[in-house]
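Colleague: Take this structure first; my questions come after.
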Amino acid sequence: MKKHHLKRTFALLMCAILMLVMFTGCSQPAEAPVEEPQEEQQEVTEKSPEDFTGTLTFWHFNNDEGPKLAEAFMAKYPNVTVETQITADTDLAYQNKVTSSIRAGSGMPDVYAAENAFVKRFVNLPGGFADLSAAPFNAEELVGNNIPYTVDIGRDNNGNIKALSWQACPGGIGYKRDLALEYLGTDDPAEITAMLATPESIIETARTLKEASNGQVKLFVGTEDLYKVYVGSRSVPWVQDNKFTIDPKMMEFLDIAKILRDEGLEGGIRQWTPTWSAAVADDEHMAYAIPTWGIQWIVAVNDEENADAGRWGIATPIPFYEGGTWVGVSEQSQNKELAWEFVKFLATDADHLRDWAKATGDFVSHLDIIDELMSDNSFVNPTVNQNTYQVYGPMVYEIDGNLITQYDDQIRVAFLDVLQTYLAGNIDKDQFLVNLKEQVQADIPDLIIE
Amino acid sequence: MDSSLVKEKKFIKDKTTQKNKAKLSNITLYIILMGLAVLTFLPFYIMMINATRTSNEIATQLNFLPGSALIDNYRRMRSAVDIWQGFKNSLIISISSTALAAYCGALTAYGFAKYKFKGNKVLFWVVLGTMMFPAQLGLIGFFRVCSALNLINNRLALILPAIANANLVFFVKLYIDAAVPNEVIESARIDGCSEFMIFNKIVIPMIIPSIATMSIFAFIQSWNNYLIPLVVLYDESKYTVPILTAMAKGVYRTDFGAVYVAVALSIVPIMIAFLFCSKYIIGGLTAGAVKE
Amino acid sequence: MFSKKIRKDSYGYIFILPFFIILATFIIYPILYSIAISFTKWDGSIIPPEFIGLNNYRRLVGDAFFLRSIRNTWIMWLGCIIPQMIFGLGLAVILSEKKLKGKGFFRWVYYLPNIVTMASVGTLVFFLINWPHGSINRMLMTFGIINEPYNFLQSTLAARATISITLWWMWFGYSMIIFMAGIKAIPEEYFEAARVDGANKWQIFWNITLPCLRPIILYQVVTSVIGGLTMFDVPYIVTEARGGPQTTTLTMVMYLYNTTFANYNFGYGATIGVGLFVLVMIFVAIAFKIINKNAAYD
């Protein structure tokens, strides 16, 4: 009797599973979004901002930035309402929300944002961003003034533009001028740049600093800040032809990080921890990796008293880049014309970008504006007492947008995790490589790892 | 006669030494209990103290005395998130889901405990089995169901599923097995009560302590639920307290002053509510009456 | 008479119906869906899952990370559940005594940790043990117990102990309350009869309280096996999702979660879930066997 029961239950279960498999197998998006040929043939008279009416929904992951972008658009387009919905990406919440809504085939907003860490994955998600290279958007014609690397990152694996950005994020090494002057004898960005130009000179400078301050001051707040610099200055991407590759630069980083840790030349503080934020205002940790936006969001917000005092300086020994936000039009949008207008405005409207740069200190991705602000000597950022466009400007052409892959964030997490064990002295360098490869293989089983 | 007197004296003597011994062991007992209480409460204390400290102080030192940043922290937290709206949302969701879970769960437990219908055992094992599946795994399918039922961005997506509280059913069934004799039900039937009336009028009062106990857990589980609201709610005006707490953190810089104010605000009401309810809830109604 | 009994018993179906409708929709369907997905390769996008038969299961049995995660979960669970049950039972017996003053307060305070979101607890612990500037390190150094900050998360023992202790802290009050509810349900006559017979407190505990609590203990062990083996939030937050050092605190659900949501391997994630489900079932069955052994079933 009982056996019978079990058998029947089992049979039922199997049927259910089979049906589910079939169901999921067939549940392709039958309602593949039909591209409406949006009045292409109409006369090409440009619509003025007032002519646009309607409501857009906009998803963003950052409460500090999202609403401001919407406000700027609504200021120029008075008859449009942008409803901004913010979901922080804590525990990957934002990414999961976007992915599940795309999968569900409904619920997506008209426009949504993607951060550098996951933008490559987002632009390659089928059903996510609309193809902006295609008609009616024809984004290729509009991006001539954008910095090439920002455009390249917004391309999917087929080379089509899926998302655009209004900012470029080259990075330098931010340091506290008072500490540099006291212990290194200079606070001049050019001289500090020279002191940090090679691995040997970095270590030498760190040792000098330690001796001069009797061990009180450490060059870097933590090894992860230096990691950002090194990762941004690789010449080989993490993944090439589906193969996991480790750029020699990273092995160089491993050696420096170990020396810095063993000799007590860095603070050992992991990035984005509260201790890390708090150390911005102290007198013990001299340098951070500071990309363009970091002046505001790493330095100024954590040391409000000195935000306008020019306590910091930016040196540029190794060009790298970090971060950035991209926006694109959702495939599911019912109002693609207006959505595109919003994206276009954010990424290409020169007047808006000039205002944005001045209001936020952002390094905008518009070559004309960059030239304009580079030559404007009155445009000085009070936090670092430098014209940031002059500091970062020369770097933008050196950044290679093809260096980033959709796996970068996963590899970063794995690398930094194994790095902690290596720096703590629990494993040697060979074991580091073994552990790293094992972890990457487990995280991304499709990669070829040698 | 004599012997009984001696016995009585001895009895009195025994009682006094017993009393002294009891006193001593009571003192040791109290010291242990207090020590454990301090250990238990310390993190809450730190949390409340941190709510009055600046983010820098929280990040760089261990604080045991209150600071002066409470109002600042509160202001920053308020400018980031609408915590009071969050309270309203959380209360709506938690109260309605707890009430539904308690009633439907008790009903189910009673059904399993007192009716010998066909498949009783098998279905009960199904209930047990579902307890063993990690919630994180069901998430993908759960989202699918919600979008099919048009429940995305709807509070019902958080209220309805609470009914399927296997834990509650399991516990209340155990309680019914132990505390509700079949004779009571039989005699009620003979008196002509309908099945539903028996449950509502007779059984519920007998099992209130177990329902109350499990209701606290259900309420707290719903109140603290983070992952599912995060996935199904889109609208900031519908967000619950835990989501807003996480949002108060900020993106670039972890504003711990603001976070601790939010965390404290979300915990202190439950602490107080529990302080007042615990006696009633754990003391129980029927059990107490029987014992006194 | 007989037919009436049957009719009465069919009321059982009505009583359990609302529960089962919800269970089927929001829990059983998602579970079946996961089982179906476990036979596929799927990145969670709208590209439909690709059926790959038992490949995921083949990978699972040889997966070093999965095997490691089973071991880790067990070790940390045992480190938590044993003291949790002892404290819970002991405190429940002590606080059920009528004479004790302030028992309401103790009951309240011990249960408090259970009302906090696990995420908040995890964050607090993360701060306390942080290297090199965490509060515990500061305290130990101020008192001269250590000279160098101790990196808790780079020592397997310290990392696991941190997680076990945190979980114990969160759950012993819960156990206590469940046991107290169980003790309440024991008819007072049993105790009275024992006292009349001259039994002392220990004898009452061993011969009355403990046997009567058998179903409650079973309940606790079963739910705790389930809760323990699906341990997630605290280790996830304390070790920043990685289960460090060197994956010695990686739990099964953490591995499942990372595989699915951080690495977009939905198919294999579901397979891990099924593996976990099977393991939990086995252990629950064992728990039932052991605890109900020799128990007089009525």
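Colleague: Given the options B:Phe87, B:Phe64, name the one that is at pLDDT 80 or above and not assigned by TED's automatic domain parsing to the domain that holds B:Leu158.
Modeller: Working: B:Phe87 fails: not assigned by TED's automatic domain parsing to the domain that holds B:Leu158.
Testing whether each residue is at pLDDT 80 or above and not assigned by TED's automatic domain parsing to the domain that holds B:Leu158 leaves just B:Phe64.
Colleague: Report, by residue number, each residue of segment B:146-159 that is in a helix (DSSP H, G or I), modelled with pLDDT of 90 or more and touching a helix residue (DSSP H, G or I) at 6+ places or on another chain (Cβ under 6 Å).
Modeller: Across segment B:146-159, the qualifying residues are B:Cys146, B:Ala157, B:Leu158, B:Ile159.
Colleague: Also: Does any residue of segment A:420-432 turn out to be surrounded by fewer than 19 Cβ atoms within 10 Å (Cβ to Cβ), aliphatic (A, V, I, L, M), at pLDDT 90 or above and within 26 Å of C:Asn130 (Cα to Cα)?
Modeller: Yes, there is a match, as at least one residue in segment A:420-432 is surrounded by fewer than 19 Cβ atoms within 10 Å (Cβ to Cβ), aliphatic (A, V, I, L, M), at pLDDT 90 or above and within 26 Å of C:Asn130 (Cα to Cα).
Colleague: Which of the residues belonging to segment C:247-263 are within 12 Å of chain A (Cβ to nearest Cβ) and more than 20 Å from A:Leu416 (Cα to Cα)?
Modeller: C:Thr260
Colleague: A:Met286 fails exactly one of the following numbered conditions: (1) in a loop (DSSP other than H, G, I, E, B); (2) modelled with pLDDT of 95 or more. What is the number of that condition?
Modeller: With respect to (1) in a loop (DSSP other than H, G, I, E, B); (2) modelled with pLDDT of 95 or more, A:Met286 is out only on (1).
Colleague: While we're here: From the list B:Met131, B:Met77, which one is at pLDDT below 90 and away from chain C (no Cβ under 12 Å)?
Modeller: Being at pLDDT below 90 and away from chain C (no Cβ under 12 Å) holds for just one of B:Met131, B:Met77, which is B:Met77.
Colleague: Another question, if that's okay. Please give the number of the condition C:Gly173 fails out of (1) in contact (Cβ under 8 Å) with a residue 24 or more places away in the chain; (2) within 23 Å of C:Thr247 (Cα to Cα); (3) touching a Pro at 6+ places or on another chain (Cβ under 8 Å).
Modeller: Checking C:Gly173 against (1) in contact (Cβ under 8 Å) with a residue 24 or more places away in the chain; (2) within 23 Å of C:Thr247 (Cα to Cα); (3) touching a Pro at 6+ places or on another chain (Cβ under 8 Å), the one that fails is (2).
Colleague: May I ask you to list pairs of residues, at least six apart or on different chains, whose Cβ atoms are under 6 Å apart, with the first in segment C:229-247 being in contact (Cβ under 8 Å) with a residue 12 or more places away in the chain and the second being part of a loop (DSSP other than H, G, I, E, B) and surrounded by 21 or more Cβ atoms within 10 Å (Cβ to Cβ)?
Modeller: Between residues of segment C:229-247 that are in contact (Cβ under 8 Å) with a residue 12 or more places away in the chain and residues that are part of a loop (DSSP other than H, G, I, E, B) and surrounded by 21 or more Cβ atoms within 10 Å (Cβ to Cβ), the close pairs are C:Thr230/B:Pro134; C:Met231/C:Thr251; C:Pro235/C:Thr249; C:Pro235/C:Thr251; C:Thr239/C:Thr249; C:Gly243/C:Thr249; C:Gly243/C:Leu250.
Colleague: Select from segment C:145-157 the residues that are without any contact (Cβ under 8 Å) to a residue 40 or more places away in the chain and surrounded by 15 or more Cβ atoms within 10 Å (Cβ to Cβ) and write down the one among them that is farthest from B:Ile220 (Cα to Cα).
Modeller: Looking at the filtered set, the residue picked out is C:Pro149.
Colleague: Among the residues of segment B:86-104, which ones are over 15 Å from the mean Cα position of the chain (by Cα) and in contact (Cβ under 8 Å) with a residue 12 or more places away in the chain?
Modeller: B:Gly86, B:Phe87, B:Asn89, B:Ile92, B:Cys104
Colleague: Turning to a different aspect of this structure: Take A:Leu132 and decide whether it is part of a loop (DSSP other than H, G, I, E, B), in contact (Cβ under 8 Å) with a residue 60 or more places away in the chain and under 17 Å from A:Lys344 (Cβ atoms). Don't jump to the end; show me each part of the working.
Modeller: Numbers: part of a loop (DSSP other than H, G, I, E, B): yes; in contact (Cβ under 8 Å) with a residue 60 or more places away in the chain: yes; under 17 Å from A:Lys344 (Cβ atoms): yes.
Yes: the conditions hold for A:Leu132.
Colleague: Can you list the helices (runs of 4 or more DSSP H) found entirely within segment C:31-144 that contain at least 1 residues being more than 8 Å from chain B (Cβ to nearest Cβ), over 24 Å from the mean Cα position of the chain (by Cα) and of a type in the set (S, T, N, Q)?
Modeller: C:55-61, C:64-96, C:135-142
Colleague: In addition: Within segment C:145-185, take every residue that is part of a loop (DSSP other than H, G, I, E, B) and hydrophobic (A, V, I, L, M, F, W, C) and give me the one that is nearest to A:Val418 (Cα to Cα).
Modeller: C:Ile146
Colleague: Within segment B:37-65, count every residue that is of a type in the set (A, V, I, L, M, F, W, C) and over 20 Å from B:Val268 (Cα atoms).
Modeller: Residues flagged as of a type in the set (A, V, I, L, M, F, W, C) and over 20 Å from B:Val268 (Cα atoms) within segment B:37-65 amount to 2.
Colleague: For A:Ala130, state whether it is touching a Lys or Arg at 6+ places or on another chain (Cβ under 8 Å) and facing another protein chain (nearest Cβ under 9 Å).
Modeller: No.
Colleague: While we're looking at this one, here's another question. Give me a count of the residues in segment A:195-214 that are exposed (fewer than 15 other Cβ atoms within 10 Å of the Cβ) and within 28 Å of the chain's Cα centre (by Cα).
Modeller: Selection size over segment A:195-214: 1.
Colleague: Mind checking which residues of segment A:106-129 are of a type outside the set (S, T, N, Q) and assigned to a helix (DSSP H, G or I)?
Modeller: A:Ala117, A:Phe118, A:Val119, A:Lys120, A:Arg121, A:Phe122, A:Val123 - these are the residues of segment A:106-129 that are of a type outside the set (S, T, N, Q) and assigned to a helix (DSSP H, G or I).
Colleague: Here are some conditions: (1) under 29 Å from A:Lys358 (Cα atoms); (2) under 20 Å from the mean Cα position of the chain (by Cα); (3) buried (at least 23 other Cβ atoms within 10 Å of the Cβ). A:Gly128 meets all but one. Which one does it not meet?
Modeller: Every condition holds for A:Gly128 apart from (1).
Colleague: Among (1) more than 9 Å from chain C (Cβ to nearest Cβ); (2) surrounded by 22 or more Cβ atoms within 10 Å (Cβ to Cβ); (3) in contact with a Leu (Cβ under 6 Å, 6 or more places away or on another chain), there is one condition B:Ile208 misses while meeting the rest; what is its number?
Modeller: Here B:Ile208 meets the rest and fails (2).
Colleague: Against the condition surrounded by fewer than 21 Cβ atoms within 10 Å (Cβ to Cβ), farther than 18 Å from A:Cys169 by Cβ and of a type in the set (A, V, I, L, M, F, W, C), how does A:Ala350 come out, does it pass?
Modeller: yes
Colleague: Just to be sure, is B:Ala212 within 17 Å of B:Cys104 (Cβ to Cβ) and of a type in the set (Gly, Ala, Ser)?
Modeller: In short, yes.
Colleague: Scanning for something surrounded by fewer than 21 Cβ atoms within 10 Å (Cβ to Cβ), more than 18 Å from B:Ala51 (Cα to Cα) and in contact (Cβ under 8 Å) with a residue 24 or more places away in the chain, does segment C:128-144 turn up at least one residue?
Modeller: yes
The values are calculated or read from the model by the stated rules, or taken from the named source; none is laboratory data. Everything numeric here is computed off the predicted structure, so don't read it as measured data. Positions of Cβ are generated from backbone atoms using ideal geometry, with glycine treated the same way; all protein chains shown enter the neighbour counts.
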